[in-house]
Amino acid sequence: MKPGKLRSAMDRRRFLQLGLVAGSAPSAAPAAAAARPNIILFYADDLDADEIGCTANSSNYSHHTGAAKRGFAGARGYADPRMLTPHIDGLKRDGVELTRFYITSPVCTPARCSILTGRYASRAPGFLKSFPAGGPGTITWNTPIVPDESNIAKELQKLGYATGVVGKWHNFPGPEKLSEIDKSFNENDDPRDPKIAKRLAEKQGRARKALMERYGWTFADRINCGNTEQSLPAAIRGQNLEWHTEGALEFLKQHHNEPFFLYYALPVPHGQYSPLRRLNPLATSAGFLDKPAGGQPSRESVYSRLKAAGIDERNAMATWMDDAVGAVLNSLKQYGAERNTIVLFLSDNPSRGKYTCYEGARVPALIRWPERAKAGARVDSICANIDIAATLIEAASGKPPANMTLDGRSFLGQLSGRPEPADWRQHLLLEVHNSRAAVTRRWKYIANRVSPELTAKMKAEADKGERSTFWQGVNHHSYNAEVDFPAYFDADQLYDLENDLYERSNLAADPKRSAELADMKKRLAALLAPLPHTFGEFKKS
């Protein structure tokens, strides 16, 4: 058959793999491509381990339910770990759980930057523009992905994959000029006003175009530029998961006959026990729908199923999210692509411990791959979101570029059932705002370092008993950490994770633990050495 007369999309897939279609290079598709897996990555937003059934009662994670059971200060008044999440639970049952999986910068933008680029957030070119190398750097929501840097979508596209993104994208830099459109909206604007509707459509179109033309995505649709689009008219703020799921299903419909990578950046739950009933089924970040989207089971059915299971409706958000995952998995099965598709379910950060280096940075990580991964297995290696890009590119028979293996590395061997390599990491860096941490299998050391001016300000507040400035340098976005973690305001903190997973007892000043403290400080210095910025006494200019 001649390349110019392909009978079907399946023919095109086969010829792409062999490098015979015009415009494709044989080097981009080695012979092993015939076995290349498809990939679906679900990245939940602010998901705590007690918001999905399979990890809700696990003692492996630090979460609200565990804090409430132990009577810790700061625990939420409501804590019910009974969750109806059969599809996500099935990923654990039929796949692999990574029990020590960390988000290296556990807050929205840097967490997403690192999973897509395979690099620590402090290496991001957009961040370095604000905080040049050789000086300190404060990591907040300031780590965009810029168009000329490598990311997983671009690398998989080079390997012949169709790449699709749906949901939350929190990584645009200034050049996309979306903020200019945001400034044209007012709180009480009516999204049904033709002028407002036109600007909403323009923003959505500009976001989709940028992602497809400059970021490596074949398909981009139903995009939220940020959290709940706070800059948009109030009438359409919130989430519409059915609408996003429709976009994910459309991507699979268009590309299921060729190797594909779908990044479904779930915009939920975004805060524990987020209320589903308050969300308008017609409201989206692109404006109002004429009728509710139908990408997944109805919201009414969520409540009827919860009632039948005897579960409080305050846990509805988890089931709504599970329905989105289930719709995609069911579509995958219908297309006969279930066995050779890697499905990952991860969280960008929890709500408890968000924006800190505490153990909330350890999140559920479930990976199903029937062709290679043993059902019900566990991987106990210290892994992180910076490892995902290298792992998936290797699984796709590619080789990640050098800048994707500066910090992360592939755990494909462990996922496939092989033992942890002898040279696997024994410690990992966590970095967010002005905190840095080294974590090992047993120990965690957290260092908080701020400017002399901010140190003086925080001390003055402490002397007055009026603490309102946190380690990030401002008096907001602590996410209750100063209540959840008793030693929050200590500059140096040491925790024995085997005996104190909830990090209640700071051992940094315990003379009996001076050797462990000294060792962990050395580890932190070693982890910071290759990175661009200074950090207190650990790395000077």
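Kindly provide the set of residues from segment 418-432 that are among the aliphatic types (A, V, I, L, M) and either out of contact with any strand residue (DSSP E or B) (no Cβ under 6 Å at 6 or more places or on another chain) or open to solvent by 10 Å² or more (accessible area, probe 1.4 Å) (or both), ordered by number.
Once the filter is applied, which keeps residues that are among the aliphatic types (A, V, I, L, M) and either out of contact with any strand residue (DSSP E or B) (no Cβ under 6 Å at 6 or more places or on another chain) or open to solvent by 10 Å² or more (accessible area, probe 1.4 Å) (or both), segment 418-432 yields Ala422, Leu429.
Looking only at segment 211-225, how many residues end up being of a type outside the set (Phe, Trp, Tyr) and surrounded by 21 or more Cβ atoms within 10 Å (Cβ to Cβ)?
So the count comes out to 8.
Just the residues that are open to solvent by 10 Å² or more (accessible area, probe 1.4 Å) and either under 19 Å from the mean Cα position of the chain (by Cα) or of a type in the set (Lys, Arg) (or both), please, taken from segment 63-86.
Lys69, Arg70, Arg76, Arg82, listed by residue number.
Evaluate the following for Gly95: is it at positive phi and modelled with pLDDT of 95 or more?
Judged against the criteria, Gly95 is not a match.
Give segment 303-337 a look and list any residue that's free of Cβ contacts under 8 Å to residues at least 24 places away in the same chain and among the hydrophobic types (A, V, I, L, M, F, W, C), or say none.
Across segment 303-337, the qualifying residue is only Ala308.
Which one of these is out of contact with any Lys or Arg (no Cβ under 8 Å at 6 or more places or on another chain), in a strand (DSSP E or B) and acidic (Asp, Glu): Glu453, Glu431?
Result of the check over Glu453, Glu431: Glu431.
Among the residues that make up segment 184-197, is at least one of them buried (at least 22 other Cβ atoms within 10 Å of the Cβ) and either within 17 Å of Gly287 (Cβ to Cβ) or in contact with a strand residue (DSSP E or B) (Cβ under 7 Å, 6 or more places away or on another chain) (or both)?
no
Filter segment 124-145 down to the residues that are open to solvent by 40 Å² or more (accessible area, probe 1.4 Å) and part of a helix (DSSP H, G or I), then identify the one that is nearest to Gly473 (Cα to Cα).
The qualifying residue nearest to Gly473 (Cα to Cα) is Ser130.
Considering only residues of segment 307-329 that are assigned to a helix (DSSP H, G or I) and over 23 Å from the mean Cα position of the chain (by Cα), which is surrounded by the most Cβ atoms within 10 Å (Cβ to Cβ)?
Per the stated criteria, the residue is Arg314.
Could we say that Ala283 is open to solvent by less than 10 Å² (accessible area, probe 1.4 Å) and within 27 Å of Gly360 (Cβ to Cβ) here?
no
For residues in segment 162-181 being touching a strand residue (DSSP E or B) at 6+ places or on another chain (Cβ under 7 Å) and open to solvent by less than 10 Å² (accessible area, probe 1.4 Å), which is nearest to Arg206 (Cα to Cα)?
Top of the filtered list is Trp169.
Hey, could you check segment 364-381 for residues that are assigned to a loop (DSSP other than H, G, I, E, B) and within 17 Å of the chain's Cα centre (by Cα) and say which is nearest to Ile115 (Cα to Cα)?
Ala365
Just the residues that are surrounded by 15 or more Cβ atoms within 10 Å (Cβ to Cβ) and of a type in the set (A, V, I, L, M), please, taken from segment 433-483.
Selection gives Ala437, Ala438, Val439, Ile446, Ala447, Val450, Leu454, Met458, Ala481.
For Ser179, indicate whether it is among the hydroxyl-bearing types (Ser, Thr, Tyr) and within 20 Å of Ile236 (Cβ to Cβ).
yes
With the requirement that a residue be part of a loop (DSSP other than H, G, I, E, B), touching a helix residue (DSSP H, G or I) at 6+ places or on another chain (Cβ under 6 Å), without any contact (Cβ under 8 Å) to a residue 60 or more places away in the chain and closer than 22 Å to Arg314 by Cα, what does segment 268-302 give you?
Selection gives Ser274, Leu276, Gln296, Pro297.
Based on what the data block shows, is Asn57 under 25 Å from the mean Cα position of the chain (by Cα), open to solvent by 70 Å² or more (accessible area, probe 1.4 Å) and at pLDDT 90 or above?
Against the criterion (under 25 Å from the mean Cα position of the chain (by Cα), open to solvent by 70 Å² or more (accessible area, probe 1.4 Å) and at pLDDT 90 or above), Asn57 qualifies.
Does Leu454 fit the bill of being aliphatic (A, V, I, L, M), under 26 Å from Thr109 (Cα atoms) and within 24 Å of the chain's Cα centre (by Cα)?
In short, no.
Here is a yes/no grid of residues against (1) open to solvent by 20 Å² or more (accessible area, probe 1.4 Å); (2) without any contact (Cβ under 8 Å) to a residue 40 or more places away in the chain; (3) under 30 Å from Arg305 (Cα atoms):
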{"residue": "Lys92", "(1), (2), (3)": "yes, no, yes"}
{"residue": "Val96", "(1), (2), (3)": "no, no, yes"}
{"residue": "Ala111", "(1), (2), (3)": "no, no, no"}
{"residue": "Ser122", "(1), (2), (3)": "no, no, no"}
{"residue": "Pro147", "(1), (2), (3)": "yes, no, no"}
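When segment 332-363 is examined, which residues are found to be open to solvent by less than 10 Å² (accessible area, probe 1.4 Å) and either of a type in the set (Val, Ile, Thr) or in a helix (DSSP H, G or I) (or both)?
Leu332, Thr341, Ile342, Val343, Thr356, Glu359, Gly360, Ala361, Val363
Residue by residue through segment 484-514, note down the ones that are touching a residue at least 24 places away in the same chain (Cβ under 8 Å) and open to solvent by 60 Å² or more (accessible area, probe 1.4 Å).
Matches in segment 484-514: Pro486, Asp490, Glu498, Arg504.
Only one of (1) touching a Gly at 6+ places or on another chain (Cβ under 6 Å); (2) in contact (Cβ under 8 Å) with a residue 24 or more places away in the chain is not met by Ser451, so which one is it?
Among (1) touching a Gly at 6+ places or on another chain (Cβ under 6 Å); (2) in contact (Cβ under 8 Å) with a residue 24 or more places away in the chain, the lone unmet condition for Ser451 is (1).
The values are calculated or read from the model by the stated rules, or taken from the named source; none is laboratory data. Worth saying up front: this structure is predicted, and the values here are computed from it rather than measured. As a convention, Cβ positions derive from the backbone with ideal geometry for all residues, glycine included, and neighbour counts pool all protein chains shown. Remember, those area values only see protein heavy atoms, side chains included, never the ligands or the DNA or RNA. Shrake-Rupley method; radii C 1.70, N 1.55, O 1.52, S 1.80 Å.
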